[in-house]
Amino acid sequence: LLRISTTSNWDQPANYRTVIDGKRAVGNFHTASESAPWAEVELPGMAEISAVYLENIHTQNNGRAVPFKVEISEEGTAWQTVATATKSQEDWKLTFAPVKGRFVRVTWTGTEGRTFLHFRKFTVHGKKLY
């Protein structure tokens, strides 16, 4: 399940499945302009999460993604930061020591103004515990 903080006219909820399914086909999501946009994947059950793969949007607006942080939560309320990124690029393969959780969130952490958040892929990797 993929949720985003807000939606915009460019958002494509019908393609959310292809954003998170780990397959080659890509979709995208697109928040509205806001001060701390985020996207969150809820797994079917608890997992030991050890990596997150994000593919940037392939347009002139790909610099909007950074800076961001990746957080994990067991219940969706208390979050632990596991990775950050400050450099715009085509994709990020973020690996870290396994963390138990069910929710994975990417949040834009810029301090100046507002931005949109949009990615083509947002996949979570680890070991199922359910």
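Side notes on the structure shown:
- Scanning region 90-130 for residues that are among the hydroxyl-bearing types (Ser, Thr, Tyr) and not in a loop (DSSP other than H, G, I, E, B) yields Thr95, Thr107, Thr115, Thr123.
- Close pairs from region 44-67: first without any contact (Cβ under 8 Å) to a residue 60 or more places away in the chain, partner part of a strand (DSSP E or B) and open to solvent by 30 Å² or more (accessible area, probe 1.4 Å), Cβ under 9 Å, at least 6 apart: Pro67/Thr84
- Residue that is surrounded by the fewest Cβ atoms within 10 Å (Cβ to Cβ), among those in region 29-77 that are under 18 Å from Asn9 (Cα atoms) and of a type in the set (Phe, Trp, Tyr): Trp38
The values are calculated or read from the model by the stated rules, or taken from the named source; none is laboratory data. Since this is a predicted model, take the numbers as computed values, not measurements. Note that we place each Cβ from the backbone using ideal geometry, even for glycine, and neighbour counts take in every protein chain shown. Please note that ligands, DNA and RNA were not included when accessible areas were found on the heavy atoms of the full protein model with its side chains. Shrake-Rupley method; radii C 1.70, N 1.55, O 1.52, S 1.80 Å.
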